[in-house]
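Let me begin by presenting the structure, written as structure tokens, before commenting on it.
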Amino acid sequence: MSKPHADVIVLGLGGMGAAIANHLTSRGMSVVGIDRYQPGHRFGSSHGKTRIIREAYFEAPEYVPLVRRAYQLWRELENDTGQKLLNIHGLLTVGGENSELVNGVLKSSEMYGIACETLDNAEIRRRFPGAVPSDDMHGVFEPTGGLLNPEQCIEAHLSLARACGAVIRDGERVVRWRGDESAVEVKTDQDTYHASHLVVAAGPWTSELLADLNLPLERWRVFYAHYDSVKRDLFTPDAFPISLWDTPTGAYYTIPYLPGQGMKVGRHDAGDVVDPDTMKRTVDVAELRSQTQTIDRYMPGSTGRVLEAETCIYTVTPDHHFIIDRHPEHANVSYACGFSGHGYKFATVIGEVMADLVEHGRSEHPIGFLSADRFTNN
Ligand SMILES: Cc1cc2nc3c(=O)[nH]c(=O)nc-3n(C[C@H](O)[C@H](O)[C@H](O)COP(=O)(O)OP(=O)(O)OC[C@H]3O[C@@H](n4cnc5c(N)ncnc54)[C@H](O)[C@@H]3O)c2cc1C
């Protein structure tokens with residue numbers, strides 16, 4: 001192959017790719033980052049102004065060391081850019097006795113000594129007057145739960161990468177790539193690039209770009225709405241934290257009423273399987289009915305006029321855990337995908353992990369449980 005244009009090509013500059021580009025350039029590597037859209041766009045998985053970060057990880061305790069490092073790196077990104085990126089509001093998780101969410105939070109907090117408070121039904125109502133859990137529900141409060149703004153964080157990562165010389169090509173779609181053990185060639189609809197390494201961070205489009213790997217990824221169309229809360233004062237951040245509700249009709253997240261945004265609500269545990277290139281990008285009023293009714297049952301007055309409703313995509317694996325690995329036939333090609341609707345908070349540490357894989361072929365971070373082997377070795 002011809003002479004490299006860069007040490008590394010990063011394919012996809014969403015939440016993950018932007019962080020990866022920053023971590024690579026901060027280690028002195030030259031980077032070309034390519035995205036088919038303008039970073040911060042609404043067609044993938046990293047838009048919508050807010051993403052929750054939490055430490056007592058209900059999905060599996062194995063994520064706790066990773067998210068702890070992510071918190072540190074978000075703070076470092078704030079220092080490096082002089083911007084406030086992470087806002088701590090606290091996080092309330094509520095569910096019944098057998099709730100996987102509540103029990104998962106408690107398990108991780110016990111294993112890792114994370115300061116969480118268990119709250120019985122009455123205590124939830126006393127502390128947060130906007131909450132009306134049903135009689136069988138209890139909860140857990142995690143004081144360090146917080147919010148990141150994904151569009152702002154993507155721009156923060158990319159601005160640092162650019163300052164270190166990264167070449168950012170947006171509005172350019174990768175149509176194919178090929179590689180041997182020492183080089184890769186990436187062809188877009190406009191140009192051809194060469195590099196020593198390729199990192200694929202293509203979110204919902206990973207299946208097409210790594211078709212030979214046959215990764216078990218489903219793309220879910222999910223949606224969320226911002227409401228002009230009828231009882232706004234009960235749901236501003238000083239009165240009500242971020243919340244997760246494990247209810248008989250689904251698992252929902254709520255983001256407190258924020259200026260200019262209203263109160264955001266979305267369903268976490270379900271979505272329609274779609275093709276990201278042909279999916280419906282609008283949200284019907286009828287689709288919102290079930291989530292509005294559910295949240296208004298547990299947080300009366302938190303909904304109201306819909307200010308905005310938007311679609312987004314979860315790229316989901318069978319066990320809902322991420323996939324982070326190297327291509328089995330190309331040691332110089334690595335990929336991060338399958339973030340299953342809970343990846344954003346990790347973007348900083350994923351940036352560090354992928355830079356490790358490029359630089360050393362391995363990472364000291366505990367990522368073994370995220371290897372693609374788990375789907376082929378069973
Ligand atoms: C509604 C919603 C709420 C969520 N809430 C949370 C939360 O509270 N906390 C949390 O931690 N996570 C949350 N998540 C999940 C999190 O946002 C995602 O896991 C994360 O954003 C995935 O980032 P990504 O970089 O993998 O994908 P993306 O951001 O989609 O980036 C992939 C990029 O690759 C580009 N690309 C793809 N194919 C090509 C090609 N052929 N050529 C060039 N470029 C290409 C795309 O244009 C895109 O920019 C949520 C997700 C959604 C949808």
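What is the Å³ per residue value for the convex hull set by the Cα atoms of segment 5-57? Please report the intermediate quantities before stating the final value.
Numbers: hull volume 5.4 nm³, N = 53.
Convex hull of Cα atoms, per residue: 103 Å³.
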Check your understanding: Quick one: in the chain, what % of C-alpha pairs are over 33 Å apart?
Key -> 29 percent
Exercise for review: Any chance you could tell me what percent of the C-alpha pair distances in segment 34-161 go past 25 Å?
Suggested key: 37 percent
Practice item. List, largest first, the extents of the alpha carbons of segment 187-279 along their principal axes, each in whole Å. Key: 55, 30, 24
Revision key, fill the gap. For segment 233-378, the Cα gyration tensor yields equivalent-ellipsoid semi-axes (√(5λ), largest first, whole Å) of 36, 18, 14
Point to revise | Radius of gyration and maximum dimension Dmax of segment 294-378, Cα, Å | key: 18.0, 55
Point to revise | Distance (nanometres) between label positions extended 7 Å along Cα→Cβ at THR282 and ARG75 | key: 4.7 nm
**Study point:** Inverse mean reciprocal Cα-Cα distance (Kirkwood Rh) of segment 257-329, Å
**Key:** 15.2 Å
**Study point:** Among VAL200, VAL32, VAL285, residue whose mean-square fluctuation peaks in a GNM of the chain (springs only between Cα atoms under 10 Å)
**Key:** VAL285
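With both partners inside the chain, how many of the DSSP beta bridges are antiparallel, as a percent to the nearest 5?
On the way: 56 of 77 bridges.
Percent antiparallel among DSSP bridges in the chain is about 75.
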Check your understanding: How far apart, in nm, are two points set 7 Å out from the Cα along the Cα-to-Cβ line at THR118 and at ARG68?
Key -> 2.3 nm
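Using only Cα atoms, what is the ratio of the radius of gyration of segment 1-95 to 2.2 N^0.38 Å?
It is 1.32.
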Point to revise | Listed peptides 21-27, 248-254 by packing density, highest first (mean Cβ within 10 Å) | key: 21-27, 248-254
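Summing +1 for each Lys or Arg and -1 for each Asp or Glu, what net charge is found among the other residues whose Cβ lies under 15 Å from the Cβ of ARG221? Present the calculation step by step, with values, prior to reporting the outcome.
On the way: positive: ARG42, ARG219, ARG267, LYS280, ARG281; negative: GLU218, ASP269, ASP272, ASP275, ASP277, ASP284, GLU287, GLU310.
Charge balance near ARG221 sits at -3.
Roughly speaking, what % of Cα-Cα pairs in segment 121-277 are separated by over 24 Å, rounded to a whole number? List each step's numbers first, then the result.
On the way: 6921 of 12246 pairs.
Here the long-distance tail beyond 24 Å is 57 percent of all Cα pairs in segment 121-277.
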Review point. Build a GNM of the chain with springs between Cα atoms under 10 Å: which of GLY44, GLY203, GLY17 gets the top mean-square fluctuation?
Key: GLY44
Check your understanding: ASN103 to CYS164: extension gain in nm, 0.36 nm per residue of separation minus the Cα-Cα distance?
Key -> 17.6 nm
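Based on the Cβ-Cβ distance from GLN190 to ARG289, what FRET efficiency comes out when R0 is 51 Å, to the nearest 0.05? Could you put the intermediate results ahead of the total?
Working: r = 44 Å, r/R0 = 0.86.
For R0 = 51 Å, the calculated efficiency reads 0.70.
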Revision key, fill the gap. Rounded to the angstrom and largest first, Cα extents along the principal axes for segment 103-205 equal 62, 28, 26
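Read-outs throughout are calculated quantities, based only on the coordinates presented, and are distinct from any laboratory measurement. Keep in mind it's a predicted model, so treat the numbers as computed, not measured. Here the Cβ is made from the backbone with ideal geometry for all residues, glycine too, and neighbour counts use every protein chain on show.
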